[in-house]
Amino acid sequence: QVQLVESGGGLVQAGGSVRLSCAASGIIFKFNTMGWYRQAPGKQRELVATITSAGRTNYADYVKGRFTISRENAKNTVYLQMSSLKPEDTAVYYCNTMWYGTDYWGQGTQVTVSS
């Protein structure tokens, strides 16, 4: 079955950096578009960034220039490098992919940015 397992969240000060990882299994990773989403308390889940199988990236305006998505196909892993963090980046961050028409999500990892 498809599994996405995120790691790397935690508490960080404003202006700091953190890298999230998402290890995927049960899919042919190198063929899949992978994405990162986030959900803050009381808000809807929102897109952060995506990366296609060809390495093409897309970012939400509110993270452009601060976050970088990348992938390592040999490790079936997608990363999200987050820099210049702001308190409003505080959220649970989720890894996402689609496989045979079904959306799959990881369990999420909490990122808390203190001011």
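Below is a table of values for the structure above.
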| read-out | value |
| --- | --- |
| Phi-based couplings in Hz for the range 57-72 (Karplus 6.51, -1.76, 1.60; Gly and Pro marked x) | 10, 9, 10, 5, 4, 6, 10, 4, x, 10, 10, 9, 9, 8, 9, 10 |
| Inter-site label distance for residue 39 and residue 105 at 7 Å from Cα along Cβ, in nm | 0.3 |
| Protection proxy ranking, peptides 17-28, 39-50, average beta carbon neighbours within 10 Å, highest first | 17-28, 39-50 |
| Cα-based Lys proximity count in the range 1-103, under 21 Å, for pairs eight or more positions apart or on separate chains | 4 |
| Probe 1.4 Å, accessible area per residue of the chain, Å² | 54 |
| Protein accessible area in the range 51-97, 1.4 Å probe - carbon and sulfur % | 45 |
| For the range 38-110, Kirkwood radius (reciprocal of mean inverse C-alpha pair distance, Å) | 13.3 |
| With at most 15 other Cβ atoms within 10 Å, longest stretch of the chain clear of loop chymotrypsin sites (Phe, Trp or Tyr not before Pro) (DSSP) | 1-61 |
| The range 3-59: radius of gyration over Cα atoms, expressed as a fraction of 2.2 N^0.38 Å | 1.30 |
| Long-range HN-HN contacts of residue 71 with modeled amide H, under 5 Å | 79 |
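The values are calculated or read from the model by the stated rules, or taken from the named source; none is laboratory data. Every value quoted in this text rests on a predicted model; they were computed, and no experiment measured them. Backbone-built Cβ (ideal geometry, glycine too); neighbour counts: all protein chains shown. In case anyone asks, the SASA skips ligands and DNA or RNA and just uses the protein heavy atoms, side chains included. Shrake-Rupley method; radii C 1.70, N 1.55, O 1.52, S 1.80 Å.
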